[in-house]
Amino acid sequence: MRKLERKYSRELAVVGVHSPKFVAEQDTESVRQAILRLNVGHPVVNDRDFRVWQAYAVRAWPTLMFVDPAGKVIGRHEGEFSLEPFDRLIAEMIAEFDARGLVDRRPLDVTSERAAADTPLRFPGKVLADAASGRLFVSD
């Protein structure tokens, strides 16, 4: 998805909706930390009570909803997806809406929160000490 967001950054607006599979995933601060850790660049709504899920009749993780420039749902895809077909589909939708003068390429006023840079590491996860070489490896 990140590749498509970058490629169509002036035509495509992505909004993530996090609907938790597990009770522990309902906490907004935990969701926020995951968004920062994964460097998600688009806005994400924490749908902890499944209101968005139910309003759009979602049945699977992930589900992509395609919304036209007027705000009407024009399609959906449930489950994992390959990049190429969606790249073509988005290009076709942009061409169609652009021909009708409906594509607004003005930048959205959305600022992504970034993790605080008070340490050289953002989200260290694993450590390996290699005594033979005298090196310490940290995954971040």
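Exposed loop chymotrypsin sites (Phe, Trp or Tyr not before Pro) only (DSSP loop, at most 16 other Cβ atoms within 10 Å): please give the longest stretch of the chain free of them, not including the sites.
Numbers: sites that count: Y8, F22, F50, Y56, F81.
For chymotrypsin sites (Phe, Trp or Tyr not before Pro) (loop position, at most 16 other Cβ atoms within 10 Å), the longest site-free span of the chain is 82-140.
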### Query
For the residue pair S133 and R76, what label-to-label distance in nm results when each label sits 7 Å from Cα along the Cα-to-beta-carbon direction?
4.9
### Task
On the protein heavy atoms, probe 1.4 angstrom, tell me the percent of accessible surface of the chain carried by carbon and sulfur.
55
### Message
Apply the Karplus curve 6.51 cos²θ - 1.76 cosθ + 1.60, θ = phi - 60°, to the phi angles in segment 125-140 and return the couplings in whole Hz, x for Gly and Pro.
### Response
x, 9, 10, 9, 9, 10, 5, 4, 9, x, 10, 10, 10, 10, 8, 10
### Query
Under 5 Å between amide H atoms, partner at least 5 residues away or on a different chain: which partners does V44 have, H built in plane at 1.01 Å?
G16
### Message
Leaving out ligands and nucleic acids, and using a 1.4 Å probe, what accessible area per residue does the chain come to in Å²?
### Response
75
### Task
Considering only L12, L64, L102, give the residue with the highest GNM mean-square fluctuation for the chain, with springs between Cα atoms whenever their separation is below 10 Å.
L102
### Task
Pull up the DSSP beta bridges for the chain and report the antiparallel fraction as a percent, rounded to 5.
75
### Partners for K126 among aspartates and glutamates (Cα-Cα distance below 18 Å; same-chain residues under 8 apart left out)
D140
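Counting other C-beta atoms within 10 Å, and keeping those with at most 14, which DSSP coil trypsin sites (Lys or Arg not before Pro) do you find in segment 47-107? Display every interim value, and only then the final one.
Working: sites: R48, R51, R59, K72, R76, R88, R100, R105; in loops: R48, R59, K72, R100, R105.
Filter output for segment 47-107: R59, K72, R100, R105.
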### Message
With +1 assigned to the C-beta of every Lys and Arg and -1 to the C-beta of every Asp and Glu, and no other charges, what is the dipole magnitude of segment 1-95 about the Cα centre in debye, to the nearest 20?
### Response
140
### Message
I need the GluC sites (Glu not before Pro) found in segment 66-98, filtered to DSSP loop residues with at most 14 other beta carbons within 10 Å of theirs.
### Response
E80
### Message
If I stretch the segment between L83 and V52 completely, what's the gain in nm (0.36 nm per residue apart, minus their alpha carbon distance), one decimal?
### Response
8.7 nm
### Query
By how many nm would the segment from V15 to D140 lengthen if fully extended, with 0.36 nm per residue of separation less the alpha-carbon distance?
42.4 nm
### Message
When only alpha-carbon atoms are used, what values of Rg and Dmax, in angstrom, describe the chain?
### Response
19.0, 66
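Using the beta-carbon distance between L121 and E5 and R0 = 25 Å, what value does 1/(1 + (r/R0)^6) give for FRET efficiency, to the nearest 0.05?
Values: r = 26 Å, r/R0 = 1.03.
It comes out at approximately 0.45.
The values are calculated or read from the model by the stated rules, or taken from the named source; none is laboratory data. Here the structure is a predicted model, which means the values were calculated and not measured. Every residue, glycine among them, receives a Cβ derived from its backbone with ideal geometry; neighbour counts consider all protein chains shown. Heads up: the accessible areas ignore ligands, DNA and RNA and are worked out on the full protein's heavy atoms, side chains in. Shrake-Rupley method; radii C 1.70, N 1.55, O 1.52, S 1.80 Å.
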